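A short worksheet on the structure shown next.
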Amino acid sequence: MAKKGQKFQSFSFELKKKAIEMRLQGMTKQQVADELGIADVQRLKVWMRQFRLYGDFGLIDRRGRRKEYVDKDRYMKRLEMENAVLKKWLEITKKEVYKSSINS
């Protein structure tokens, strides 16, 4: 369990990929951890599982806000919302124009 004020070590995608390649070449977890300076040997087990399930994408850190992923999704959602509002507005104005043309 995390302790108050504890700083977590993050690892780059390249380091994770290198560790996976070393494991796939037959090195033990302990050998890979010693060579790459990874204190938690179980971390390699987690990376291997993520790599098997999701490939390279499983090794990408998805915590917090990532601009290259989140901003595209936010932009698409905003555009979809704007389109929905504009369609509703167009529908309302068409009804008003139709009503005013009938009454004239």
Original post:
Using θ = phi - 60° and the Karplus curve 6.51 cos²θ - 1.76 cosθ + 1.60, what whole-Hz ³J(HN,Hα) does each residue of the stretch 24-31 get, with Gly and Pro shown as x?
Top reply: 5, 7, x, 6, 6, 4, 5, 5
Subject >> Projected area, mean over directions - the stretch 6-67, Cα convex hull, nm² >> reply: 4.7
Original post:
Normalized C-alpha radius of gyration of the chain, against 2.2 N^0.38 Å?
Top reply: 2.03
**OP:** Sequence neighbours fewer than 8 away in the same chain don't count; with that in mind, list the lysines whose C-alpha is under 17 Å from LYS95.
**Re:** LYS87
Subject >> Under 15 Å from the Cα of LYS99 - aspartates and glutamates, other chains or at least 8 residues apart >> reply: GLU91
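We did not get these values from a lab; they are worked out from the coordinates using the rules stated. This structure is a prediction, so every number in the text was calculated from the model and none was measured.
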